[in-house]
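Enquirer: Pasting in a structure now, in structure tokens, and then I'll have a few things to ask.
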Amino acid sequence: MAMPRKGSRPISVDGTAFRWRIRRRSTDRQSDGWSPLTVTVERVEEPGRVLVVSLPCARPDNRFGQRTIAVGPLLVAGCVRRALEQGWNPGQPGSPFVLTITEDDLTVLLGEPPRYLIPFLWGMIPAGGGIEDLPRCTQIRGRDEHDVSEVTF
């Protein structure tokens, strides 16, 4: 199974070139929060077996405001190293290798406790934060109203 090239990001882990991506649109189960956020990784040269990383949080676009996490190169590189330790051979053809990450694993991979985010109507609130943590928001009035100035909160 090959990973789509469009929307993928390059990353180098211990001298080997990989590319990773998060699915552009959520599945119905992911948007409902029943399935976790997943990241797929593939070796650039001679791609073979795809790595599917299952994270212990929901996608940012989930419907019910469940907590999520920002996925970046540090986390992806740590997941690749963990999968290689557990026997993933990225050059070998075959079915996807599934790596399930727990909350405890996130702390080890990131080197610090994860910073969860909670989706909100106008942005993301850090877990444990409040409305004051939202960026400044803009409300746009409808066409039928004559005053089209911005209202900031």
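Every number in this text was worked out from the coordinates using simple rules, so none of it is lab data. Not measured: the values here are computed from a predicted model. With ideal geometry, Cβ positions are generated from the backbone for all residues, glycine too; neighbour counts draw on all protein chains shown.
Enquirer: What distance in nm lies between label points placed 7 Å from Cα along the C-beta direction at Arg23 and Ser95?
Expert: Output for this residue pair reads 1.7 nm.
Enquirer: Using a Förster radius of 25 Å, what is the FRET efficiency between Arg81 and Glu103 based on their Cβ-Cβ separation? Nearest 0.05, please.
Expert: The formula returns an efficiency of 0.85 here.
Enquirer: Ok, one more. How much length, in nm to one decimal, is gained on full extension between Glu45 and Glu112, taken as 0.36 nm per residue of separation minus their Cα-Cα distance?
Expert: Between Glu45 and Glu112, full extension yields 20.9 nm more.
Enquirer: Here is a follow-up. Just subtract the alpha-carbon distance of Ser54 and Arg9 from 0.36 nm times their residue separation and send over the number in nm, one decimal.
Expert: Using 0.36 nm per residue and subtracting the Cα-Cα distance, I get 14.4 nm.
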